[in-house]
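**Q** First the structure, which I've put down as structure tokens, then a few questions once you've had a look.
The values are calculated or read from the model by the stated rules, or taken from the named source; none is laboratory data. A quick note: this is a predicted structure, and the numbers were derived from the prediction, not measured. With ideal geometry, Cβ positions are generated from the backbone for all residues, glycine too; neighbour counts draw on all protein chains shown. Calculation scope for accessible area: heavy atoms of the full protein, side chains included, ligands and nucleic acids excluded. Shrake-Rupley method; radii C 1.70, N 1.55, O 1.52, S 1.80 Å.
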Amino acid sequence: MLNADALSQLRQLKTDIKQNKVVLSGTVKATQGRFGFVALEDGRDVFLPPEEMQKVLPGDRITLSEQEVDKGKTQGVVESLVETQLTTFVGRYLVKGKGHFVAPDAAGVNRWIFIPPKERQGAAPDDLVYCQIHRHPIKDGKGQARVLKVIGKAGAPGIERAFTLASFDLSDAWPEPVLEQAAALSEEAIRAQAEGREDLTAEPYVTIDNPATQDMDDAVLAVADAEGWRLSVAIADPTALIEPGSPLEQEAFRRGTAIYFPGEPLPMLPDALSTRLCSLMPDATRLALVCDLRVHADGRLGDYRFRQALIRSHGKLGYDQVSRLFDDAPADNDPALPAPVVESLRHLRDLALALRQWRGEHALLGNERPEFRLRLDENKRIRAIEPATQNEAHRLVEECMVAANRCAADFLGQQPGGLFIQHPGLRADRLDNIRKLLAEYAPDLASVDPASSEGFRTLMNATEALDGPLPIKTILSRQLARAELSSEAAPHQGMGLPAYTTFTSPLRKFTDFYVHRLIKARLWQAPMTPLDAAGLDTLQATQLKARQAAGSLDAWLKSDFAKTLGDTPMDGTIVRTVPAGFFVRLDANGLEGFVSCKDLDGKYSFDPVTLRLTHTKNGRMFQLDQRVSVCVSGVDDDRHQIQFRLLEAEPVENRDSGQTVSTE
């Protein structure tokens with residue numbers, strides 16, 4: 001037994017150790033194993049052994065100390081929790097003996113979490129559940145969770161969508177104040193807003209969209225004159241019915257965008273507004289923010305103006321219907337259109353061709369790739385995937401919307417504090433490799449600066465028809481940065497424009513809704529609540545989450561559908577390469593799957609400059625745009641990733657050897 005002096009010395013020793021301990025802070029990073037790392041603020045990563053990793057969750061902000069364990073190697077010791085990011089998650093409910101657990105479906109969480117008896121909400125084994133961290137494991141490594149909602153059983157009709165909503169903290173339900181505000185609106189609210197607006201109801205505006213679309217944002221008309229055309233783009237005006245700062249606006253901001261899940265979209269605004277009171281329905285008087293603009297005969301934009309108006313759509317037209325009209329091949333069930341509508345449509349076709357030609361010569365056009373439509377069965381799973389052909393009517397609408405959005409960007413750019421979509425072009429961390437690529441495979445373009453707006457546009461146009469052993473433009477396109485929201489005008493390099501914004505989809509995107517607020521505040525002193533930098537960041541994060549949610553459900557449904565394809569040979573194109581293998585997109589249905597290098601003979605090296613995979617001994621190569629034949633070999637259900645087996649591949653020219661290398 002220690003005497004009083006020994007105890008005093010021990011306490012002093014502990015105090016000295018604590019005072020001399022260097023405490024660091026950082027963010028926990030998980031791995032596929034039981035160990036992890038902490039990313040420190042100075043850029044270093046500190047190893048966390050399994051026993052310390054048990055005390056934390058991915059994304060946690062923690063303090064830690066380092067201890068030496070072996071021959072100068074160190075590892076982290078968790079000291080305290082500063083902040084946790086993982087509060088809610090989804091997973092599968094499991095029972096083992098007398099213990100009830102959830103197996104989280106959350107990145108980096110590869111352990112079961114105990115659920116105490118009072119927090120189980122009647123969940124049964126194998127239920128998919130929505131949970132919350134009830135007790136953080138920071139003290140002893142033994143965390144607990146509570147079930148917030150039982151989502152349903154795996155395999156139940158529609159479970160994929162329900163599980164996706166919960167995974168991304170999305171909800172179909174509208175808050176009660178939002179429903180009350182929407183219910184109080186009616187056609188009378190439209191009549192009450194009519195005073196002071198220009199009456200354009202006699203003008204032959206029409207909407208052009210998919211036949212099933214109900215939330216119609218835009219209507220168009222055109223008139224020809226000696227200089228070219230006058231284009232008028234009428235956009236639905238929900239900001240006229242929704243007060244700034246009201247529950248409806250707050251919920252629209254929280255949702256950020258409509259998400260077009262297959263079969264059942266998640267709207268940004270309640271149906272009472274998005275598909276009825278604000279939708280530009282045929283033969284209904286609706287509020288609109290109208291952009292009138294001059295389109296010169298060569299496709300240049302001229303003067304423009306914005307008007308608050310009343311319009312009345314003279315027809316709800318489908319893309320195919322308009323395309324048949326242009327081809328003088330109407331279907332038997334196509335309704336006869338009034339002469340003013342037909343005349344306007346033909347002018348729209350002509351001005352759209354001029355606009356597109358101008359963009360092709362002076363800006364950048366996006367690459368058109370085949371699109372596909374998912375057809376769901378009664379269980380809300382894919383029964384068929386059909387091509388969705390883009391025709392002249394699709395391009396007509398696209399050019400009209402881009403032109404109107406360019407006008408909005410020009411208008412907002414005249415004063416500080418707007419909302420713009422900027423695109424920085426190529427990723428900054430890839431520029432050195434791109435310069436090496438150009439020097440070796442496109443020496444005539446080696447002097448072009450890929451970091452500048454003009455240089456980027458030159459590269460994308462010059463590499464379009466470049467003939468050589470490598471698809472240079474595709475390689476560049478695989479290394480683009482992500483577009484960002486900004487309060488100040490900046491180039492959108494992906495479109496080759498000095499500035500860009502969007503205001504043509506205010507029923508579907510809060511960015512467009514907010515641009516309406518900005519335009520009306522500047523022109524007519526309408527009230528609004530400006531977004532600060534934090535609000536802009538939140539909106540951008542919300543939009544990213546929406547894209548991730550849509551992609552997650554899409555991948556789940558498609559991976560299940562792939563299981564029905566058997567081992568049928570299918571043709572496709574390599575669309576992405578990584579050190580572990582390559583991704584193939586199928587011609588027939590657009591499905592994408594992975595071919596692993598592990599399933600190919602021999603070892604392959606990955607070249608970050610050419611994005612090629614090359615066999616280390618025989619020179620066999622795989623690269624972007626290469627044609628291949630594959631079959632489905634399986635599905636990774638955890639990641640919803642389709643696995644392909646390579647059957648055949650077209651030869652690739654090896655520039656270094658001057659030979660064509662077989663890839664069979």
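**Q** For region 507-578, with all protein chains present and a 1.4 Å probe, just round the carbon and sulfur fraction of the accessible area to a whole percent.
**A** Result for region 507-578: 55 percent of the exposed heavy-atom area is carbon or sulfur.
**Q** Please give every one of the lysines within straight-line cross-link reach of LYS96, meaning a C-alpha to C-alpha distance under 26 Å, and leave out same-chain neighbours fewer than 8 residues apart.
**A** Once the sequence-local lysines are set aside, what remains near LYS96 is LYS55, LYS118, LYS139, LYS142, LYS149, LYS153.
**Q** On to the next question. May I have the pair-distance distribution P(r) for region 584-660, computed from all Cα-Cα distances with 5 Å bins from 0 and rounded to whole percent?
**A** 3, 13, 23, 26, 18, 11, 4, 1, 0
**Q** Once both axes come from the Cα atoms, what is the angle between helix 392-412 and the longest principal axis of the chain, in degrees from 0 to 90, rounded to 10?
**A** The answer is roughly 80 degrees.
**Q** Something else about it: Once you place label points 7 Å from the Cα toward the Cβ at ARG369 and VAL77, how far apart are they in nm?
**A** 5.1 nm
**Q** Can you give the translational diffusion coefficient of region 101-164 in µm²/s, computed by Stokes-Einstein from the Kirkwood radius over Cα pairs at 20 °C and 1.002 mPa s?
**A** Using the Kirkwood radius from Cα pairs, D works out to 172 µm²/s.
**Q** Between GLU648 and LEU466, what is the spin-label point distance in nm, taking each point 7 Å from the Cα along the Cα→C-beta axis?
**A** Each label point lies 7 Å from its Cα, and together they span 3.1 nm.
**Q** Do me a favour and compute the ellipsoid semi-axes for region 264-387 from its Cα gyration tensor, root of five times each eigenvalue, largest one first, whole Å.
**A** Calculated on Cα positions only, the semi-axes equal 29, 23, 19 Å.
**Q** Hey, what do the phi angles of region 75-91 turn into as Karplus ³J(HN,Hα) couplings, whole Hz, using 6.51/-1.76/1.60 and θ = phi - 60°, x for Gly and Pro?
**A** Taking θ as phi minus 60°, the curve returns 9, x, 10, 5, 9, 7, 9, 8, 7, 10, 9, 7, 9, 10, 6, 10, x Hz for region 75-91.
**Q** Under a 1.4 Å probe, what is the accessible area of region 144-245 per residue, stated in Å²?
**A** 44 Å²
**Q** In terms of modelled amide H atoms, which long-range or inter-chain residues lie less than 5 Å from the amide H of LYS509?
**A** Those lying under 5 Å, H to H, from LYS509 are ALA258.
**Q** Set the Förster distance to 41 Å, then compute FRET efficiency between PHE326 and LYS545 from the Cβ-Cβ distance, nearest 0.05.
**A** It comes to 0.55.
**Q** Give me the net charge for the shell around LYS29: Cβ to Cβ below 11 angstrom, other residues only, Lys and Arg +1, Asp and Glu -1.
**A** With Lys, Arg at +1 and Asp, Glu at -1, the net is -2.
**Q** I would also like to ask the following. When only Cα pairs under 8 Å and 6 or more residues apart are kept, what is the percent relative contact order across the chain?
**A** 9 percent
**Q** What whole-number distance in Å separates the alpha-carbon centres of region 447-515 and region 540-603?
**A** 25 Å
**Q** Here is a further query. Whenever you get a sec, compute what percent of the accessible area on region 21-113 sits on carbon and sulfur atoms (1.4 Å probe).
**A** Reported share for carbon and sulfur atoms: 50 percent.
**Q** Using helices alone, what [θ] at 222 nm do you get for the chain, with -39,500 (n - 2.57) per DSSP H run of 4 or more residues, divided over all residues and rounded to the nearest 500?
**A** Taken over the chain, the calculation gives -8500 deg cm²/dmol.
**Q** May I ask you to evaluate 6.51 cos²θ - 1.76 cosθ + 1.60, the Karplus curve with θ = phi - 60°, for each residue of region 115-127 and list the ³J(HN,Hα) values in order in whole Hz, giving x for glycine and proline?
**A** Karplus values, whole Hz, x for Gly and Pro: 10, x, x, 7, 10, 9, 6, x, 5, 10, x, 6, 5.
**Q** ASP127: net charge of surrounding residues, Cβ under 11 Å, Lys/Arg +1, Asp/Glu -1, itself excluded?
**A** Its environment carries a net charge of +3.
**Q** What is the gain in length, in nm to one decimal, between ASP601 and ALA224 on full extension, counting 0.36 nm per residue of separation less the C-alpha to C-alpha distance?
**A** 129.4 nm
**Q** Return, ordered by residue number, the residues of region 348-376 whose backbone nitrogen is under 14 Å from a label point located 7 Å along Cα→Cβ of ALA388.
**A** 369-376
**Q** If r is the Cβ-Cβ distance from ASP625 to VAL578 and R0 is 25 Å, what FRET efficiency results, to the nearest 0.05?
**A** So the FRET efficiency works out to roughly 0.95.
**Q** Gain in length, LEU148 to ALA107, computed as 0.36 nm per residue apart minus the alpha-carbon separation, to one decimal in nm?
**A** Extending this stretch completely gives an extra 12.8 nm.
**Q** While we're here: In the neighborhood of GLY572, defined by Cβ-to-Cβ distances under 13 Å, what is the net charge if each Lys or Arg adds +1 and each Asp or Glu adds -1?
**A** In short, -1.
**Q** Taking N as the number of residues in the chain, what value does Rg over Cα atoms divided by 2.2 N^0.38 Å take?
**A** It is 1.12.
**Q** Run the simple label-point estimate for ARG427 and THR529 please: 7 Å along Cα→C-beta, distance reported in nm.
**A** It works out to 3.7 nm between the two label points.
**Q** Please report, as a whole percent, how much of the solvent-accessible surface of region 192-331 comes from carbon and sulfur atoms (probe radius 1.4 Å).
**A** Looking at region 192-331 in its full context, I get 48 percent from C and S.
**Q** Just the accessible area per residue of region 369-467, please: how many Å² with a 1.4 Å probe?
**A** Accessible surface, normalised per residue, equals 51 Å².
**Q** For region 322-334, just list the computed ³J(HN,Hα) in residue order, Karplus coefficients 6.51, -1.76 and 1.60, θ = phi - 60°, integers in Hz, with x standing in for Gly and Pro.
**A** Listing the rounded values in order: 5, 4, 5, 4, 5, 8, 6, 9, x, 6, 4, 9, 6 Hz.
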